[in-house]
1. What's the local net charge at B:Q185, with K and R +1, D and E -1, over the other residues with C-beta under 10 Å away?
2. Near B:V154, within a Cβ-to-Cβ distance under 12 Å, what is the net charge of the other residues, with Lys and Arg +1 and Asp and Glu -1?
3. Mind pulling the per residue volume of the convex hull built on the Cα atoms of chain B? Å³ is fine.
4. Ignore the peptide's own chain and count Cβ atoms of other chains within 10 Å of each Cβ in A:27-35; give me the average, rounded.
5. In vacuum, with every alpha carbon of the range B:321-417 counted as one equal point scatterer, what does the Debye formula give for log10 I(q)/I(0) at q = 0.10, 0.22 Å⁻¹? Two decimals, please.
6. Could you point to the residue in B:L82, B:A410, B:L382 farthest towards the positive end of chain B's charge dipole, with +1 and -1 charges on the Cβ of Lys/Arg and Asp/Glu respectively?
7. How big is Rg to Rh over the protein assembly as shown, alpha-carbon atoms, Rh as the Kirkwood inverse-mean-distance radius?
8. Taking every residue in B:407-413, how many Cβ atoms of other protein chains lie within 10 Å of its Cβ, on average?
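Every read-out reported here was derived from the displayed coordinates using simple, explicitly stated rules and does not represent laboratory data. Everything numeric in this text was worked out from a predicted model, so none of it was measured. Don't worry about glycine lacking a Cβ; one is built from the backbone with ideal geometry, like all the others, and counts go over all protein chains shown.
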Amino acid sequence: MALAPGTSLQIRAASGAGKSTLVAFLAGLRGDYDGEILVDGRALTTFDVEAWAQWRRQAVSIVFQDLRLFPELSARAQVALVREVSGGAASELEARAAALGITAHLDRPVRQLSLGQMQRVAILRALARPYRWLLLDEPFSHLDRTNAAAAWELIHADATAKGAGLLVTGLDPQDFLRTTQTLTL
Amino acid sequence: MSIGWRSLQGQLLWRTQQPRQLLLALLGSLVGLALVLAASATVLDVRRLLRTGDRGAIGAQYVVLHKRVSLLGVLGSDRSALDAGDLAAIRAEPSIRRSAPFLANRFGASAVLEFGPRGGGNALRTDLFLESVDDAFLDVVGERWQWAPGDQTVPVILPADFMHLYNFTYAPARGLPQISRRTAQLFTFRIVIEAPTGPVTVRGRIAGFSDRITSMLVPQRFLVDANRRYGPPADEAPPIYRLIAEVDPLRLTAFRRFLEARGFETNEETLRTARFATLVQLALIVVAAFGVILVATAFSALLLYLQLAVQRSRQAVETLLLLGTSHREVQRWYVRGTGLLLGAVLGASLLLVWAVQRTIARALRDAGFDARSGLDPIVPLLGIGIIVVLAWLVARAVRRQLRTLALPSAPDGTLPR
C-alpha cells in the first residue's frame, strides 16, 4: 500500500480491523509490527527521538479517533498552540470555523462542547498547521451527513492546496468521500 | 486575540492539585539546605578560628613534650633524654607543625635579690634552673629581650604563675606588698654563676611573664655562650630532655595517639580546650549530616511530587509530543520550573544562613574571639553545587519518565534513541 503526495486514500473496515492501529504506527505511538512503513524511503523504525519530533512538527497532521484535545483550552487556544509548535497562517481560522459551523464555540473550553463539535475542533486544529500527510481516523463518526460533507470539502481543499497525501479511515462507505484510492478490508 | 504560550504550558504541564505537598517538600529542602550550609559555615569558621594563631579562639597549640620518667630515671641511671629516633619521629609527625628543644644550663647558678638601700639589707638567695628556647616559640618577645656577648645584664622571662604565686601566696603570708607585672620589670637581681675560675656575677632583669612556658628563660645566645664558658667541656651536643612543639589544633586526636605510641608526656590541660573544639566540630558535622538527610528526604518528596505532576499531565504531555513538541523541550520546561524553585530555596537558605552566621559572629566577638561577619565563599559555592546536582537528578528523572510517552516501542521493547 502506498500513498503519494497529492493523492488520497480511504480505508474502510469494520471495528477492530486495525485502522486506528495503523494511525498509531504512523503517529509513533506504537511500534509493535512486522513489515515496514517507509516515509520518503526511510523506515519509521529508524527514527530517533528528534526525528519523531521533526516528523510530527512539520510532516504529518493527525485527527485521532479519540481526538486528543486539551479539555480546558478553547478551540482558538488549541489552534494557537499548534501554530506555536509548527507555524501556520492565523488568518484562515475564522473562515474555517465558519465552514465547519463552530464559530460560536471558538472561545469556549472544548470540554463544554458536544462530541460532534469537538470532532470539528480537532479537524480545525489539524488543518491549522503545515503538513505533507494528513491522517484522519474516523473523523466524521459524530457528525451528521451535512456537517461531515462540509468538513470533507474543507479538508480536501486544504490538502489539495498543500499538495499533501491524505489518508482517511471509516466504518462505512460515505457518498461524499471522493478519494483517489479506496481500500476495503 | 493573542494567547500566551507560556501560560498554556503552565496549565498543561503543571497540574499542581496538591500545592501543600509541594510547599512541604520545598520547606523541607529549605530547612535541610540551611542546616547543611549553616553547619558548613560554622565548621569553616571554627577551623579558621583554630588555625589563626594566637588571635584565634584556641590559637596555636604549644605543648611541652618530654619522655615519661621511668623508675630507672628515678634511680639516676636513665635520664629520659630524647634520642635521635624520638627527634626524627617528632619531626616526621604530621600533627606537629614545628618544634624546638629546650637548652638547659650546664653550670651552677643562683639568683640573689637584695632588699634595702644599696644592698645593705636582707638578701634572698635561690638556686636557678635556666632554660632557653628558640625565640619563635615565645609569647612575650619584646624590645627588652635582647642580649649580645659582653652585655652584663641578662633579660629573663618568668612563668606568669610565679607572679600569681608571689602576689597571692607569698606576699600576703610575709606581709610584703603585691606587685604588678609592670612594677616587677623595674627590679633587677644578681645572677651568680659558678664558673670554674670562681663566681661570676651578671645582672638579671625581668623582660616579661610567659603564660605559655613554665620555666625561667634566658636568651638562647646567652645560654649557649655561658654553657661554653662556664660548663664542663663537652665533646658532643648536650642531651635534650624536653622540647616545645606547635600542634595543629585540627589534628589533636592524631597527636594524642602519637604521644601514647612514643611514651611522651605533655601538659594535658592545654589540650583539653582544643579537645572541646574538636567536639564542637564533631557536633557540627553531625548537624550537617542531619541536614543532608533532611535535604535527601525533602528532595525525594520534591522529585516524587514532580513525577506525580508529569503523571497527572500525562495525557496533555503526550498530546503535546504528538503535535511536534520535542521531548527535550518538555524536559526543559520541567527542569526550568524545578530549577527556579530550587534556586529560590537556595537563595532563601543563604539568606537564612547569612543572618544566623552574622548573629553568631557578633556573639563570638562579644566573647573576645576574632570572628568575622560574612559567609566564606565556599558556602554559596557548596549551595550552588548541591542545587546543580539536584537539578541534574530532576533532569534525569524527568527524561526517563518522558521517554515512556509518545515513542513507539519495538516488538522487543526497545525505544528510539
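1. Net charge in that neighbourhood comes out at +4.
2. My count for the surroundings of B:V154 gives +3.
3. Taking only Cα atoms, chain B has a hull volume of 261 Å³ per residue.
4. 5
5. Scattering profile of the range B:321-417, log10 relative to I(0): -0.48, -1.06.
6. B:A410
7. With Rg and the Kirkwood Rh in hand, the quotient comes to 1.37.
8. 6
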